[in-house]
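Before any comments, here is the structure.
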Amino acid sequence: GQNIDQPTEMTATEGAIVQINCTYQTSGFNGLFWYQQHAGEAPTFLSYNVLDGLEEKGRFSSFLSRSKGYSYLLLKELQMKDSASYLCAGVDNYGQNFVFGPGTRLSVLP
Amino acid sequence: ETGVTQSPTHLIKTRGQQVTLRCSSQSGHNTVSWYQQALGQGPQFIFQYYREEENGRGNFPPRFSGLQFPNYSSELNVNALELDDSALYLCASSPDRNQPQHFGDGTRLSIL
């Protein structure tokens, strides 16, 4: 099967840097997505890694190592509005089966 | 604004009833996926449609079915509703498979 694991909760301070890790079984996934979901709202797309390495987008960066089945989302200069759940999701080689992790609930404190 | 709209926003049904949820995607988005999200959990993949044909299915029973129409709208139908079907149902679309999906705001379904 295809399982994705993430820490359930994390806490960080405004202005700090936080890294949210995601691990998955390496077989069958062709790419990894990160989504942000505020309470009561739909997930919004943050990043997509299909090759190994770091993708940077402003305050958010995402890293992928396919051989290790490992990804992380790095959030810099944390703001209060970054308090949300962060979802890691893998997609199979045919783009058919999307598997989401349980999500990491990030709380940013003043 | 993702360009994906879902209706209704909220819905209350009783056990055994049937429900149809609707989604309207952006023009040109040939792929639509449906997800079930229970409180505090990640979305669970129900199925995906690509150019009006089912293109993949998660671990959901046959009473969960769908349709995709040429005008980029789609439906999720659930028969014989059970209490455990209470959840947020999300629709997500993309121009093609393997591309980032854009989610609608979801339909919150409550089964009494």
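Values as computed for the structure displayed
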| item | result |
| --- | --- |
| Candidate set: region A:91-110, residues that are more than 7 Å from chain B (Cβ to nearest Cβ) and not in a strand (DSSP E or B); chosen: the one modelled with the highest pLDDT | A:110 |
| Residue tally, condition within 9 Å of chain B (Cβ to nearest Cβ), assigned to a strand (DSSP E or B) and polar (S, T, N, Q), over region A:1-48 | 4 |
| Single match in B:42, B:3 (criterion: surrounded by fewer than 20 Cβ atoms within 10 Å (Cβ to Cβ) and not polar (S, T, N, Q)) | B:3 |
| Search result, residues across region B:1-59 that are of a type in the set (A, V, I, L, M), more than 9 Å from chain A (Cβ to nearest Cβ) and farther than 15 Å from residue B:85 by Cβ | B:32 |
| Meets criteria (more than 25 Å from residue A:92 (Cα to Cα) and in contact with a strand residue (DSSP E or B) (Cβ under 6 Å, 6 or more places away or on another chain)) for residue B:112 | no |
| Counted residues, region B:56-110 - those being more than 23 Å from residue A:40 (Cα to Cα), of a type in the set (D, E, K, R) and assigned to a loop (DSSP other than H, G, I, E, B) | 3 |
| Lone qualifier among A:9, A:41 - being of a type in the set (D, E, K, R) and modelled with pLDDT of 95 or more | A:9 |
| Every pair of residues 6+ apart whose Cβ atoms lie under 6 Å, when the first sits in region B:82-108 and is free of Cβ contacts under 8 Å to residues at least 24 places away in the same chain while the second is not hydrophobic (A, V, I, L, M, F, W, C) | B:98/A:95; B:100/A:48 |
| Residue list for region B:60-112, filter: among the charged types (D, E, K, R) and within 14 Å of another protein chain (Cβ to nearest Cβ) | B:96, B:97, B:105, B:108 |
| Single match in A:78, A:73 (criterion: aliphatic (A, V, I, L, M), surrounded by 21 or more Cβ atoms within 10 Å (Cβ to Cβ) and more than 10 Å from chain B (Cβ to nearest Cβ)) | A:73 |
| Residue within region A:56-63 that is assigned to a loop (DSSP other than H, G, I, E, B) and either buried (at least 17 other Cβ atoms within 10 Å of the Cβ) or within 12 Å of chain B (Cβ to nearest Cβ) (or both) present | no |
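The values are calculated or read from the model by the stated rules, or taken from the named source; none is laboratory data. If you're wondering where the values come from, they're calculated on a predicted model, not measured in any experiment. Cβ atoms come from the backbone with ideal geometry, glycine included; neighbour counts cover every protein chain shown.
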